[in-house]
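In what follows, a single structure is set out as structure tokens and then discussed.
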Amino acid sequence: MATLKAHHAYLLGFTPQLLGIFFNGLLLLERVKRAAAGALGERAGAYLDGWIPSRSGDVVSNVHLCESLLGTVGRDAGAPPQTIEEFYAWSERVNKQTYEAAKAAFEQGGDFRVRLAQDLGQQVGDVVQLANLGLLVQELLEVAPSDELLGAQARKLGEAQRGILAQLENTLGYTAGHDDIQAEVRRLVGLVKAAPDAGATAGHEGVAEGLAALAQKLDVGAVEKLFM
């Protein structure tokens, strides 16, 4: 049976986090639309109308990618998720199956990058998800700055942002000697530090612009190339 490649481990770490933008964004928009009236309800509804049509093709192809990559090493991603609850369970299964496959590959060949690839893929995916969901929340807060549901979501994203930064800084601690990886992680740390607080309770237009800029500057392809 084939062993997991570092590039595939990276993609299997990154892709579920990328899919989280669709599922978590959909859940948020549905909740806001149900709870809100007036301009906020209209804005959420307008976003919701385009959310599925504009993203469904990418969702299907990314789910299939995970299925295919795990299949090459004899592992099963499980049934494709159709709901947010199913997505959380599916994502957890993909992460577990990838971890076990990466561990087996490391034990067989001793390649540190196979183990590291999944971790870094997840961390980069976390930043992408933070930037996109943070942008969505801040744009909605522009319409209704005092909305409690959105405020609570913003606070969660702010906490997540600090957690992501701590994880990236921790990665620097166990990748000493891998100069190419350290350079990319330092670049990501700098971008996250420079980004506005996703949990901001004021200045929403500027925060949204800053988070949009973060998404544009990430250059996730540069990180992926480390494992190709």
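The numbers here are math on the coordinates, done by the rules we state, and not lab data. Since we're looking at a predicted model, the values are computed, not measured. Here the Cβ positions follow ideal geometry from the backbone for every residue, glycine too, while neighbour counts run over all protein chains shown.
Here are the numbers for the structure shown:
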| item | result |
| --- | --- |
| Relative contact order [Cα under 8 Å, 6+ residues apart], the chain, whole percent | 27 percent |
| Net dipole in debye of segment 6-222 [+1 Lys, Arg Cβ; -1 Asp, Glu Cβ; about Cα centre; nearest 20] | 180 debye |
| Reciprocal mean inverse distance between Cα atoms of the chain - Kirkwood radius, Å | 18.4 Å |
| Dipole magnitude of segment 1-116 about its Cα centre (Cβ charges: Lys, Arg +1; Asp, Glu -1), debye to nearest 20 | 220 debye |
| Fewest-first ranking of HIS7, HIS178, using other Cβ atoms within 10 Å as the exposure measure | HIS178, HIS7 |
| Residue exposure sequence - VAL220, VAL32 - by fewest surrounding Cβ within 10 Å | VAL220, VAL32 |
| Options ALA131, LEU165, PRO145, ranked by Cα towards positive dipole end of segment 101-188, top entry (Cβ charges) | LEU165 |
| Positive dipole terminus of the chain, leading residue within PHE112, HIS64, GLY50 (C-beta point charges) | PHE112 |
| Proximal charge balance of THR175 [Cβ under 13 Å; K/R count +1, D/E count -1] | -2 |
| Mean-position separation - Cα centroids, segment 113-130 and segment 189-214, in angstrom | 21 Å |
| Among the listed pairs LYS5/LYS156; LYS103/LYS225; LYS103/LYS156, those beyond 30 Å (Cα-Cα) | LYS5/LYS156; LYS103/LYS156 |
| Relative exposure of HIS204, HIS8, judged by other C-beta atoms within 10 Å (fewest first) | HIS204, HIS8 |
| Estimated vicinal HN-Hα couplings, Hz - segment 90-106 in sequence order (Karplus 6.51, -1.76, 1.60; Gly, Pro = x) | 5, 4, 4, 5, 4, 4, 5, 5, 5, 4, 5, 5, 5, 4, 5, 5, 5 |
| Rel. contact order, % - alpha carbon contacts under 8 angstrom, at least six apart, segment 71-153 | 15 percent |
| Dipole of segment 1-59, positive direction: furthest Cα of ALA39, ALA6, LEU26, with charges on the beta-carbon | ALA6 |
| Cα centroid separation, segment 46-66 to segment 149-170 (Å) | 24 Å |
